[in-house]
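Before any comments, here is the structure.
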Amino acid sequence: MENAFQKAKNAAPKRNPFSLQIARLREIGIVSPTEFFRGLSKKTILDYIKNWDLFLSYARRWDRNSELSWLDRLAWSMDLAEEDAIGFRSQLERGLLRPTPDPGPDGFTPFPIPLAPRSVNTIVSSLRSIYKRLHLHCNIPNIFEPVCCTRNGGIDRRRVTRVNSGDVSRILENIPDKKDHLNILRDRLIIQTLFTSGLRRMELLNLRWRNFKITAKGVGIHLEISKGMRNMDRGIAPETYQDLLRYKTEIRQRFCLSEASMEDLWVFPSKWELRKRANGKLKLLFHPKQMAESTLYNLVREYGREALGKDISPHLLRHAAGTSLARKKVHPKYIQEFLGHSHPATTDIYIDVSEEMPQEAAKELGKLI
């Protein structure tokens, strides 16, 4: 009798301990991973998932060597408290948790090595962004909102590569004029647009011709996908817009495209390919594929090496735009709106204050008396 009871118990399906959370998710509507991570690059998504798994290994004592489905990941993130987030940050600071492959079944490392403050800040910031998306899609409270970043986690600005408006001009002048003129024109406009619009790299790669809007205030860019999944309107220099229109006209003439057919195309596709025909003449092939993030990085880095002798990134051009506006005495609020920042403190990070700027500020005050 006892054996029969034991067999029946073993044969019964095991109840999922998070079945209530899964039921609540089904009522709300389960968001797909594609929609959840919309607007993020592949590298950012992989980093987010790695840090998300690290937090769940701490909060749920989950073995990171085992598989976890998307539904379980969402369910496990529910019903956690701010104390879990604060305790997780404390474990990171003490080195008891590492974002490396799991050294033990419980996620803890047997030999504590404290993480650098900047690494702790990166992990906490990614989880704050994840829980912001969980709150938006699944109505899960953002338990990482009150969690502060560690001290001394900032960047040593003396060791950061800087780019100014003069450097951008040298890069544009140094871009050679080759046979594949359309690719060179695209590259020049990528550098020019990054600097004169302050777009982030993914905003630039997701830019389509339909995103340009002409209003009474001037030319603007309506971003359908921006950081934080916000719809946002941004400005662009009129000179850059005129150069973009000439670039657009050349594309239309090369491929006999109508104005309507251009609207949904990428502004900066992967490449315009030249191939030789049987008669020896070159033929330009149309490749309207989206440019990869790595291609953009390599393109900007190579032009930076040739013109300046140093490695630069697309994001450095964004920093250069903020610094150039600050040196022109543009109000910080306008710079914040131009760069698309939610908080003024973020804009302060993007603006590099030179040694001459305090003296310039003092001279301006001297003129008032």
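Any idea which of (1) buried (at least 17 other Cβ atoms within 10 Å of the Cβ); (2) in contact (Cβ under 8 Å) with a residue 40 or more places away in the chain; (3) of a type outside the set (S, T, N, Q) is the one residue 59 doesn't satisfy?
(2)
Conditions (1) part of a loop (DSSP other than H, G, I, E, B); (2) modelled with pLDDT of 80 or more; (3) farther than 19 Å from residue 124 by Cβ; (4) not charged (D, E, K, R), marked per residue:
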position: 4; (1), (2), (3), (4): no, no, yes, yes
position: 8; (1), (2), (3), (4): no, no, yes, yes
position: 17; (1), (2), (3), (4): yes, no, yes, yes
position: 63; (1), (2), (3), (4): yes, no, yes, no
position: 74; (1), (2), (3), (4): no, yes, yes, yes
position: 79; (1), (2), (3), (4): yes, yes, yes, no
position: 103; (1), (2), (3), (4): yes, no, yes, yes
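Can you go through 312, 251 and tell me which one is modelled with pLDDT of 85 or more and within 18 Å of the chain's Cα centre (by Cα)? Please lay out each step first, then the result.
Working: 251 fails: within 18 Å of the chain's Cα centre (by Cα).
Just one listed residue meets the conditions, 312.
Given the criteria over 18 Å from residue 234 (Cβ atoms) and at pLDDT 75 or above, does residue 318 qualify? Steps first, please.
Numbers: over 18 Å from residue 234 (Cβ atoms): no; at pLDDT 75 or above: yes.
Criteria not met by residue 318.
Hey, could you check region 264-280 for residues that are assigned to a loop (DSSP other than H, G, I, E, B) and modelled with pLDDT of 65 or more and say which is farthest from the chain's Cα centre (by Cα)?
Applying the filter and picking the extreme gives 279.
Residue by residue through region 62-79, note down the ones that are under 20 Å from residue 23 (Cα atoms) and surrounded by fewer than 19 Cβ atoms within 10 Å (Cβ to Cβ). Can you show your working first?
Step one: filter region 62-79 for residues under 20 Å from residue 23 (Cα atoms), giving 68-79.
Hits for region 62-79 are 68, 69, 70, 71, 72, 73, 78, 79.
Every residue in region 107-150 that is over 26 Å from residue 33 (Cα atoms) and at pLDDT below 75, please.
108, 109, 110, 111, 112, 113, 114, 115, 148, 149, 150 - these are the residues of region 107-150 that are over 26 Å from residue 33 (Cα atoms) and at pLDDT below 75.
Would you check which residues across region 241-258 are of a type in the set (Ser, Thr, Tyr) and in contact with a strand residue (DSSP E or B) (Cβ under 9 Å, 6 or more places away or on another chain) and list them?
Residue satisfying the conditions is 241 alone.
Restricting to region 19-44, and then to whatever is within 13 Å of residue 75 (Cβ to Cβ) and at pLDDT 80 or above, can you tell me which residue is surrounded by the most Cβ atoms within 10 Å (Cβ to Cβ)?
If we filter region 19-44 for residues that are within 13 Å of residue 75 (Cβ to Cβ), which is where we start, we get 19-28, 30-31.
Filter once more, keeping what is at pLDDT 80 or above: 30-31.
Values: 30: 15, 31: 18.
Looking at the filtered set, the residue picked out is 31.
Across region 322-355, what is the number of residues that are at pLDDT 80 or above and among the aliphatic types (A, V, I, L, M)?
5
Report, ordered by the first and then the second residue, all pairs with beta carbons closer than 6 Å, sequence separation of six or more or different chains, a first member in region 242-270 that is without any contact (Cβ under 8 Å) to a residue 40 or more places away in the chain and under 23 Å from residue 292 (Cβ atoms), and a second member that is part of a helix (DSSP H, G or I) and of a type in the set (Gly, Ala, Ser).
Close Cβ pairs satisfying both conditions: none exist.
Starting from region 223-239, keep only residues that are under 15 Å from residue 210 (Cβ atoms) and assigned to a loop (DSSP other than H, G, I, E, B), then list their pairs with residues that are at pLDDT below 80 and among the charged types (D, E, K, R) whose Cβ atoms are within a distance under 8 Å, requiring at least 6 positions of separation or different chains.
231/224
Could you tell me which numbered condition residue 213 fails, if it satisfies all but one of (1) in contact with a Phe, Trp or Tyr (Cβ under 9 Å, 6 or more places away or on another chain); (2) free of Cβ contacts under 8 Å to residues at least 24 places away in the same chain?
(1)
Please go through region 286-326 and pick out each residue that is buried (at least 19 other Cβ atoms within 10 Å of the Cβ) and hydroxyl-bearing (Ser, Thr, Tyr).
Those that are buried (at least 19 other Cβ atoms within 10 Å of the Cβ) and hydroxyl-bearing (Ser, Thr, Tyr): 303, 323, 324.
Starting from region 29-41, take each residue that is under 14 Å from residue 139 (Cβ atoms) and list its partners that are at pLDDT 80 or above and outside any loop (DSSP other than H, G, I, E, B), counting only C-beta distances under 8 angstrom and pairs at least six apart or across chains.
Qualifying pairs under 8 Å: 30/71; 30/74; 31/74; 31/137; 31/138; 36/133; 36/137.
The values are calculated or read from the model by the stated rules, or taken from the named source; none is laboratory data. This is a predicted model, so every value here is computed, not measured. Cβ atoms come from the backbone with ideal geometry, glycine included; neighbour counts cover every protein chain shown.
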